[in-house]
Amino acid sequence: MSFSLNVAKSYIGKTVNIHLKDGAVIVNVQLKAIKTVGLSKTKLFEYAPFGNVSRQVVPIKNIAYTTTLNRSILNMRN
């Protein structure tokens, strides 16, 4: 099963790790929106690193899968 637009929509607003098809992993980011660019209607996934306001994009066709993170673990302190 490939990563599709419907799957992408279900992750908006969640904190995830994004696994790309080339083997790279974008860790601990919050998915913000899906954008359509140009006449070719390329779909881009807009994300922001956890705790940061600047946003970056990655084409949906380059994403292999995502894994969700448990926010309660991220907020734990020693």
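Numbers at a glance
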{"read-out": "Rg and Dmax [Cα atoms of the chain; Å; Rg one decimal, Dmax integer]", "value": "12.9, 51"}
{"read-out": "Exposure of Leu69 as accessible area (Å², to 10), given a probe of 1.4 Å and all protein chains", "value": "50 Å²"}
{"read-out": "Over the chain: helical MRE at 222 nm, DSSP H runs n ≥ 4 each giving -39500 (n - 2.57), nearest 500", "value": "-2500 deg cm²/dmol"}
{"read-out": "Length-normalised contact order for the chain - Cα pairs under 8 Å, 6+ apart - percent", "value": "32 percent"}
{"read-out": "Linear extension gain, Ser40 paired with Asn62, 0.36 nm per residue minus alpha-carbon span", "value": "6.3 nm"}
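The values are calculated or read from the model by the stated rules, or taken from the named source; none is laboratory data. Only a predicted model underlies this, so the values are computations on that prediction, with no experimental measurement involved. Keep in mind that these areas ignore ligands, DNA and RNA; they rest on the heavy atoms of the full protein, side chains included. Shrake-Rupley method; radii C 1.70, N 1.55, O 1.52, S 1.80 Å.
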